[in-house]
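Following: one structure in structure tokens, then a few remarks.
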Amino acid sequence: MSEMQNSRRHMGLKASRTLANTAIYAFLIAISIIWLIPFVCIFLQSFRVESTHQVGYVIPQQWGFDNYINLFQTDFPRWYMNTFIAALVTAVFQTIIVLCMSYTLSRFRFKMRKPLMRLMLILGMFPGMLTMIILYRVLKDLGMTQANSVPGLILVYVASSGMGYYVSKGFFDTIPKSLDEAARVDGATRFQVLKKIILPLSKPIVIYTILTAFMAPWGDFVFARYIAFGASAGKNVAVGLYDWLNKDQISKCYTMFCAGGVLVAIPVTVLFMCLQKYYVEGVTGGAVKG
Amino acid sequence: MKQYTDLEYLKLSKGQRLLYRILSFLCAIPSKIGGLFGALWRLIKGAGQAVANETRDIWLTFVNGDWKTKLSFLVMGFGNLARGQILRGLLFLLFEVVFIGYMILAGGYWLSMLPSLGKVGPTEEYNMIFDTYVTTYNDNSFKILLYGVLTIFFIIAFIYTWRVNVKQNQMAEKILATGKKLKSGKDDLRSLVDDQFHKTLLSLPLTGIIIFTVLPIVFMVLVAFTNYDGTHDGYYNNLFTWVGLDNFNTMLSWTAGTGSGTQSYAATFGEILSWTLIWAFFATFTNYFLGMFVAMAINKKGINLKKLWRTILVMTIAIPQFISLLYVSKMFAKNGIVNGFLMSMGWIEQALPFWEDPTWARITVIIINIWIGIPYLMLITTGILMNIPQDLYESARIDGANAWQQYTKITLPYMLFVTGPYLLTSFTGNMNNFNVIYLLTGGAPTNPAASSAAGTVGYTDLLITWLFKITTGAESQYYLASVVGILVFVVVAVISLVVYNLLPSIKNEEDFQ
């Protein structure tokens, strides 16, 4: 009798578990659809030929590559190159700077270390956007605005990137200090320790830093817009495509915006998916250490 | 207020406990603020003491030093050169020469103009030959302020270097007195990749931060005390000058301008600030809890294809935000896909006012922000959830706790404990979340009353987008933008300080370890 009850309870448990799992599957499928819909829509609409303005349906009535071909009649290739060059150069220099900063703050104990970290915390509380007024005027005097905005953009992105040292410092903190000490005892200089011991162990964080530094310029909007200041040749993709959705342009450029978006998203997404593992490691590590 | 012991606290009912915690939080605020002033006072006292000590030390070095040391007070690096440390000596000397040269050629001028920010603005003169008016540009307030600040930085650097120079003489005398040898230039160079390697590594990042972050911030803070705007750009039309605290008075005054429907700056600021705080609260916590929920759903035992679900969500991080945000913003437009779909299904007769109605717009931004934020939070919480010791759950299950109880008694406290600092930074980050608001709504729909004070202000505008609009607006009131920026800093700093000190992960670091 009790055995019967037990098995019935067991059956009940199993049934409720299946029910719960089914509900979760339904939920996961639903959110997957919600998360993918905008991207599917943007992709489909980039092939719409019958009209260029916004419509209330998704699937084009007439398919074609017209929007992509039209893109090359505009300044879009120029914007694309601007962003690509800025992203590439930024990725290289920003990685060097961030690694220098975070490695030092993680490994060395010197008098100014704590005050320095506190100062950077306080500086980070200022809205960075405020500084763009002065940076714009200084860059203008140096001839790095409007059509020549790319060097100016790179300078701004790279120069203060040392402030974003938190994630990689957290990574370096996890490498045992005894490794350094052993090498130091054997007579290695600090530089040799960095080159021969730390760097070979730091592949994940180097890739994470390069990846995030490369991706940021593709999405930068505020500084890029301010520094380009209306000059079409100096825009990056974000600013250029944003302007296509203006009230007076949207009816002509909406489908072209979709096509441009697809062209921007594909390389960045492919790169990201290839290096996804490192990104996930960096993000999860960074949050726990605060 | 009465302090309960742990035992008394445990005897309270749930409601009383909550009340007690809120009260003790509120009561803690004055003492926290008092502590802040105490710390400030200690800082000032410490600084005064340090200056006194330094002065005494410098004086003693001078009195007790030999002639080489004494001459070094005037000619930097002389002591080093005389004692055979050629490299150091030359660097000190070079720095002094450059500094004096700069001060004579330029620095003196910038510094002398700093109190007035320029005396003569652009002038127009009639030119007989060309029969037109020719404008001559004279002083440049912008450059005066910028280079004035730079000169002050330079002077501080010089004083510091001079002090190092004096100290080196003192040290050298001591070392020589004990009969040891001084470091040669070669040793110095070697130490740059060894003992002093941190200086080499930090030189590049810190130079960048000083020039591109510290200097601009000091400059912009000073702008708040001037009348720098589009009509006083300091060179081409009018000079700008110091106005003291006038801008702060304007921003914080409750008297409205003339004309019906106008609103004071303080009221506008208060309105935008309160929406900024509401937004930051909802943006942070909706993402946090829903992200955690999604992570738990994917992690649950018996759910297959975990990797697929995660990849789908993570992929959306890769696509640059401006594409997804702009596109989603258009999806919810009056003639967008969402309204089109709902109407074609016959569920609604008229387009829903997603971006036209203030309340709708605010709720829509928060919901779309969930769409943006969940993938990140899913990633972050997944890692932490897996770290929760499984035996906690097992013993809870044996004690007969159901899923909800396990969540509220184990998962949630653990998560809040570990992610406390993250939540704080995410809250302040959301307060300054420019991209989401600006790309989705641009601040719309317009708030007519608030707009009467400064530029076009919308119902979804955050302080940071307002600041942007003030800067790029027709009048370019940079001074006002600067005031807003300073106030944002104050709000963020106060919130961070108060919450940081109350965080359990800071207070009881040992819990859960």
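The values are calculated or read from the model by the stated rules, or taken from the named source; none is laboratory data. Every value quoted in this text rests on a predicted model; they were computed, and no experiment measured them. Because the Cβ atoms are built from the backbone with ideal geometry, glycine has one as well, and the counts that use them run over all protein chains shown. For the accessible areas, the whole protein counts, side chains as well, though only heavy atoms, and no ligand, DNA or RNA atoms are used. Shrake-Rupley method; radii C 1.70, N 1.55, O 1.52, S 1.80 Å.
Translational diffusion coefficient of segment B:65-244 at 25 °C, 0.890 mPa s, Stokes-Einstein with Kirkwood Rh over Cα pairs, in µm²/s as a whole number.
The diffusion coefficient I find is 123 µm²/s.
Accessible surface computed residue by residue for chain B, with neighbouring protein chains in place and a 1.4 Å probe, gives 53 Å² per residue. The phi torsions of segment B:206-220, fed into the Karplus equation with coefficients 6.51, -1.76 and 1.60 and a -60° offset, translate into couplings of 6, 4, x, 5, 5, 6, 9, 10, 5, 4, x, 5, 4, 4, 5 Hz, rounded to whole numbers, with Gly and Pro shown as x. For B:HIS198, B:HIS232, the ranking by accessible surface with the largest value first comes to B:HIS232, B:HIS198, using a 1.4 Å probe.
Can you tell me the 0 to 90 degree angle between the C-alpha axis of helix B:265-299 and the longest principal axis of chain B, rounded to 10? Value to nearest ten degrees: 60. Amide H contacts for B:GLY458 (H built 1.01 Å from N in the peptide plane; partners 5 or more residues away or on another chain; cut-off under 5 Å): B:ASN447.
Quick one: grab the alpha carbon gyration tensor of segment B:265-507, order the square roots of its eigenvalues as a ≥ b ≥ c, and give me rounded if a/c is under 1.5, else prolate or oblate depending on whether a/b is larger than b/c.
oblate
Separation of segment B:395-462 and segment A:47-84, taken as the distance between their Cα centroids, equals 36 angstrom.
Rounded to the nearest 500 deg cm²/dmol, what is the calculated helix-only ellipticity per residue at 222 nm for chain A, with -39500 (n - 2.57) per DSSP H run of length n ≥ 4?
Working: 13 runs with 203 residues, N = 290.
Roughly -23000 deg cm²/dmol at 222 nm, from the helical runs in chain A.
Figure note: B:VAL218, B:VAL494 ranked by solvent-accessible area, largest first, 1.4 Å probe, ligands and nucleic acids not counted: B:VAL494, B:VAL218. For the peptides B:432-443, B:242-253, residues were scored by their other Cβ atoms within 10 Å and the scores averaged per peptide; the highest-first order is B:432-443, B:242-253. Rounded to the nearest Hz, the phi-derived 3J(HN,Hα) couplings of segment B:474-488 under the Karplus curve 6.51 cos²θ - 1.76 cosθ + 1.60 (θ = phi - 60°) are 4, 8, 6, 7, 4, 4, 6, 4, 5, 4, 4, x, 5, 5, 4, where x marks glycine and proline.
The C-alpha atoms of chain B define a longest principal axis, and helix B:358-387 lies at about 80 degrees to it. Two tests apply to each whole DSSP H helix in chain A, Cα reach of 27 Å or more along its axis and mean Kyte-Doolittle hydropathy of at least 0.0, and the ones passing both are A:2-45, A:76-107, A:250-274. With an a/c value of 1.5 or above and a/b not larger than b/c for the gyration tensor axes a ≥ b ≥ c computed over the alpha-carbon atoms, chain A is described as oblate.
Close amide H partners of A:LEU245, meaning residues 5 or more places away or on another chain with modelled amide H under 5 Å apart, do not exist here. As a rough guide to protection, the peptides A:101-113, A:202-214 ranked by mean Cβ packing within 10 Å, highest first, stand as A:202-214, A:101-113.
Mind ranking A:131-141, B:359-369 by how tightly packed they are, going by the mean number of other C-beta atoms within 10 angstrom, highest first?
Highest to lowest by the protection proxy: A:131-141, B:359-369.
For the pair B and A, the buried accessible area comes to roughly 8100 Å² in total, with a 1.4 Å probe and the value rounded to the nearest 100.
Pairs exceeding 31 Å between alpha-carbon atoms, taken from A:LYS235/B:LYS306; A:LYS140/B:LYS119; A:LYS169/B:LYS307: A:LYS235/B:LYS306.
Per residue of B:378-384, other chain Cβ atoms within 10 Å of the residue Cβ number 4 on average. Checking the a/c ratio against 1.5 first, then a/b against b/c, what shape does the Cα gyration tensor give for chain B? Here chain B falls in the oblate category. To the nearest ten degrees, helix B:463-472 and the longest principal axis of the Cα atoms of chain B are 60 degrees apart. Averaged over the residues of A:94-101, the number of partner chain Cβ atoms lying within 10 Å of the residue Cβ comes to 3. Remark on segment B:287-369: ratio of C-alpha radius of gyration to 2.2 N^0.38 Å is 1.38. Here the Karplus relation 6.51 cos²θ - 1.76 cosθ + 1.60, evaluated at θ = phi - 60°, turns the backbone of segment B:337-354 into coupling constants of 5, 5, 5, x, 5, 4, 6, 5, 7, x, 7, 10, 8, 10, 4, 6, x, 4 Hz, with x for every Gly and Pro.
For the peptide A:45-57, the mean number of other protein chain Cβ atoms found within 10 angstrom of a residue's Cβ is 2.
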